[in-house]
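For reference, the structure is listed below as structure tokens.
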Amino acid sequence: MINPGKAKGEAIVSREPIGFYGGIDAKTGVVIEKGHELEGKSVKDKILVFPQGKGSTVGSYVIYGLKKNGVAPAAIVNKETETIVATGVILAGIPCVDGIDIDKIKTGDKLKVDADEATVEVE
Amino acid sequence: MLSGEQGEVIERMSRLLVRLGDIYGADRMIPVGSVQVAGVSYKSIGDPGLEFLEDYAGKGAKVRILTYLNPPGMDLENWKDLGFPEDFAEKQMRIMKAFRKMGIITTATCTPYLAGNLPRFGEHIAWSESSAVSFANSVIGARTNREGGPSALAAALCGVTPNYGLHLDEKRKPNVVVKVSADLKFNSDFGALGYHVGKQVKKGIPYFRGIEGANTDQLKALGAAMAASGAVALYHVENLTPEAHLMDPKGLETIEVGEKELKETYGKLNTGKDPDIIIFGCPHASLREIAALAGKLEGKRLKKPVWICTSRVMREAANRMGFTEVIEKAGGKVVADTCMVVSPIERMGYKTTGVNSGKAANYLPGFCKQEVVFGNIDELLKRVLT
């Protein structure tokens, strides 16, 4: 468990890493990185699934901004959470688990995340 | 702290420290004597950072220990005269206000040890700025990892840091010897040496031989460049730095640095030809460096802008000694708080910057889209004196 909490929602899956600073608009929750596989999609209230973070450490503050602006994902599921994402979800209070085999999850799956127990179930 | 009885801010900040401690294998939390927080310039942290800081300050977050800041993106008092953009200044001031509300000393500098935040030998601290981290670990013998902005803030609010990395004796041992045969005269020579060695050793801990009688300005230049071109957070210098005699460098891989390597590094760092501006003070100039510049500019006239960046504290002393007046009479500026790397100089019409700092030469092309003229103080001034 990276940060505790429970959430239910629809999965939005990225097979490539996500850099939050310059990657997701903190005001709208829409992915803005040019050429990213999720470009143009919103992460609001979704279970955001991606292998790990990348890019600037300011990304932690973007994750916080998403939450404050009401456009954050309901939870984050990673293969391996690095410090940018870990710092961001903890500052923001977003449930987050890592060590998950994310290859088994696809966009649109209904997910139940229990970060306290470090479990992710496909319903 | 973790259970939330001290409020949401402390709950999250202590969780952050615990999680980072897990990631890096810390066995426990240890109290820290002082903190230095990076991520201050609006140019670096933007609106997301500004909004986070205002929000946490508004929730009543207060630091427990002596906490200083890294440089902001402008001179906090004299920004208008120096030509810093108004929209930038407004955001930068909001950032400073949020930090002050948290009880952080807004003496913002990459040389806190020259401005009233001086740890003792062996003291555990949580500092962020890479050259300050290097100086504290190497020259003072205090102990800090290179903290990120949020983790340093968390240490300031909770008073502790996870015990791992450079807080531990066994992680402070050198893993490479650097044998210096080059003649090191100017501070820029130390910057060039640091740039060269940082590139080679990356995250390593170098043990220097052959450096004799370097002063703290020169060690500051050396460490800053190694932390910028590599990620060196601690180095030892035989017979000079306080932990060197505790180390056993026998059998370690050895790198040799002679005149040839130093000359090549000067060549590599020079990407420009004719500087629009010359900026000294990366890291922030000591009083000795300001005095030296004033001595060279006494009664002279500059045809291009020359800045020397320093902390507010050093500037006050320079004012009192008349150094500021001498530099200004020649047409130069003593710029306080900020520095060339974190300020938006690319928005102020400058394209080529002259520096004597290996660290600045490393960062200016990327962060500020500048071409660089790298040289010693005399070479640089020769280009701009009438």
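The values are calculated or read from the model by the stated rules, or taken from the named source; none is laboratory data. On a predicted model such as this, the values are computed, not experimentally measured, just so you know. So basically every Cβ, Gly included, is an ideal-geometry build from the backbone, and we count neighbours across all protein chains shown. Just so you know, the surface numbers come from the protein's heavy atoms only, side chains and all, with ligands and any DNA or RNA stripped out. Shrake-Rupley method; radii C 1.70, N 1.55, O 1.52, S 1.80 Å.
Using Cα pairs closer than 8 Å and at least 6 residues apart in sequence, work out the relative contact order for chain B, in percent.
Values: 869 pairs, mean separation 69.4, N = 386.
After rounding, I find 18 percent.
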Enumerate the calculated ³J(HN,Hα) couplings along region B:3-12 in order (Karplus 6.51 cos²θ - 1.76 cosθ + 1.60, θ = phi - 60°), each rounded to whole Hz, writing x wherever the residue is Gly or Pro. 7, x, 6, 9, x, 5, 4, 5, 4, 6
If the rule is a partner Cβ under 4.7 Å, which cysteines in the protein assembly as shown fail it? A:96, B:110, B:158, B:282, B:368
Over 18 Å (Cα to Cα) - which of B:199/B:268; B:97/B:220; A:6/A:67; B:179/B:260 fall in this group: B:97/B:220
Among B:161, B:130, B:175 - extreme Cα towards positive end, dipole of region B:112-195, charges at beta-carbon: B:175
Which one of B:117, B:319, A:18 has its Cα pushed farthest toward the positive end of the charge dipole of the protein assembly as shown, where Lys and Arg give +1 and Asp and Glu give -1 at the Cβ? B:319
On the principal axes of its Cα set, how long, how wide and how thick is chain A? Give whole Å, largest value first. 31, 26, 24
The distance between the Cα centres of region B:172-216 and region B:55-109, in whole Å, is 34
Specify whether the C-alpha gyration tensor of region B:8-169 places it in the rounded, prolate or oblate class, a ≥ b ≥ c being the square roots of the eigenvalues: rounded for a/c under 1.5, otherwise prolate if a/b is larger than b/c and oblate if not. oblate
If contacts are Cα pairs under 8 angstrom and at least 6 residues apart, what is the relative contact order of chain A in percent? 35
Using helices alone, I'd like the mean residue ellipticity at 222 nm for the protein assembly as shown: each DSSP H run of four-plus residues gives -39500 (n - 2.57), total over residue count, nearest 500. -10500 deg cm²/dmol
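Name the trypsin sites (Lys or Arg not before Pro) in region B:74-139 that are in a loop by DSSP and that have at most 14 other C-beta atoms within 10 Å, would you? Could the numbers behind the result be given before it?
Numbers: sites: B:80, B:91, B:94, B:97, B:100, B:101, B:120; in loops: B:120.
Hits after loop and neighbour filter: B:120.
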Placed amide H near residue A:119: partners under 5 Å, 5+ positions off or other chain: A:114
Under the rule a/c < 1.5 gives rounded, and otherwise a/b versus b/c splits prolate from oblate, where does region B:249-331 land using the Cα gyration tensor? oblate
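From the square roots a ≥ b ≥ c of the eigenvalues of the alpha-carbon gyration tensor of region B:173-267, which class results: rounded (a/c under 1.5), prolate (a/b over b/c), or oblate? Kindly include the intermediate steps, with their values, before the conclusion.
Values: a/c = 1.42, a/b = 1.30, b/c = 1.10.
Since a/c stays below 1.5, the shape of region B:173-267 is classed as rounded.
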To the nearest 20 debye, what charge dipole does the protein assembly as shown have about its Cα centre, counting +1 at the Cβ of each Lys and Arg and -1 at the Cβ of each Asp and Glu? 900
Is there a simple number for the mean count of other chain Cβ atoms within 10 Å of the Cβ of residues in B:18-28, and what is it? 2
Give the accessible surface of region B:8-169 per residue, rounded to a whole number of Å², with probe radius 1.4 Å and ligands, DNA and RNA excluded. 33
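For region B:173-267, what is the accessible area per residue in Å², given a 1.4 Å probe and the full set of protein chains?
On the way: 4130 Å² over 95 residues.
Averaged over the residues of region B:173-267, the accessible area is 43 Å².
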Please compute how much accessible surface disappears when A pairs with B, both sides summed, using a 1.4 Å probe, and round it to the nearest 100 Å². 1800
If the limit is 29 Å between Cα atoms, which of A:41/A:110; B:171/B:369; B:59/B:333; A:27/B:91 go over it? B:171/B:369; B:59/B:333
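About the Cα centre, and with charges only on the beta carbon of Lys, Arg (+1) and Asp, Glu (-1), how big is the dipole of region B:11-98? Nearest 20 debye, please. Working shown, then result.
On the way: 12 positive and 13 negative charges, 99 e Å.
Computed charge dipole of region B:11-98: roughly 480 debye.
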For a quick check: with amide H placed at 1.01 Å from N, whose amide H comes under 5 Å from residue B:34's, ignoring anything fewer than 5 positions away on the same chain? B:126
What does the charge dipole of region B:51-145 about its Cα centre add up to, to the nearest 20 debye, if the Cβ of each Lys and Arg holds +1 and the Cβ of each Asp and Glu holds -1? 540
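Evaluate 2.2 N^0.38 Å with N set to the residue count of chain B, then give the Cα radius of gyration divided by it. Display every interim value, and only then the final one.
Working: Rg = 20.5 Å, N = 386, 2.2 N^0.38 = 21.2 Å.
Against the compact-globule rule of thumb, the ratio is 0.97.
What is the packing order of peptides A:60-72, B:269-281, taking the mean over residues of other C-beta atoms within 10 Å and listing the highest first? Before the final figure, lay out each step's value.
Working: A:60-72: 23.5, B:269-281: 20.3.
My ranking of the peptides, most packed first, is A:60-72, B:269-281.
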P(r) histogram, all alpha-carbon pairs of the protein assembly as shown included - 10 Å bins from 0, percent: 4, 19, 27, 25, 17, 7, 1, 0
Heavy-atom accessible area with a 1.4 angstrom probe orders B:18, B:355, most exposed first, as B:18, B:355
Sequence-distant residues sharing a close amide H with residue A:56 (under 5 Å, placed H): A:21
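Counting other Cβ atoms within 10 Å, which chymotrypsin sites (Phe, Trp or Tyr not before Pro) in region B:88-163 have at most 13 and lie in a DSSP loop?
Values: sites: B:88, B:99, B:113, B:121, B:127, B:135; in loops: B:121.
Passing both the DSSP loop test and the Cβ count: B:121.
Anything over 24 Å Cα to Cα? Flag those among B:304/B:359; B:43/B:202; B:202/B:296, in the order listed. Don't skip to the answer; put the middle values down first.
Numbers: B:304/B:359 22 Å; B:43/B:202 26 Å; B:202/B:296 36 Å.
Distance filter (> 24 Å) returns B:43/B:202; B:202/B:296.
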Any idea how far the Cα center of region A:75-123 sits from the one of region B:246-307, in Å? 47
Computed over region B:270-384, the Cα gyration tensor eigenvalues, each multiplied by 5 and square-rooted, give semi-axes in Å (largest first) of 22, 15, 12
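Based on DSSP loop calls and a cut-off of at most 13 other Cβ atoms within 10 Å, the longest stretch of chain B free of exposed GluC sites (Glu not before Pro) is what? Display every interim value, and only then the final one.
Working: sites that count: B:5, B:77, B:212, B:253, B:298.
So the longest stretch without any such site is B:78-211.
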Can you compute 3J(HN,Hα) from phi for each residue in region B:132-143, using the Karplus curve 6.51 cos²θ - 1.76 cosθ + 1.60 with θ = phi - 60°, rounded to whole Hz and x for Gly and Pro? 5, 4, 5, 5, 4, 5, 8, 8, 8, x, 6, 10
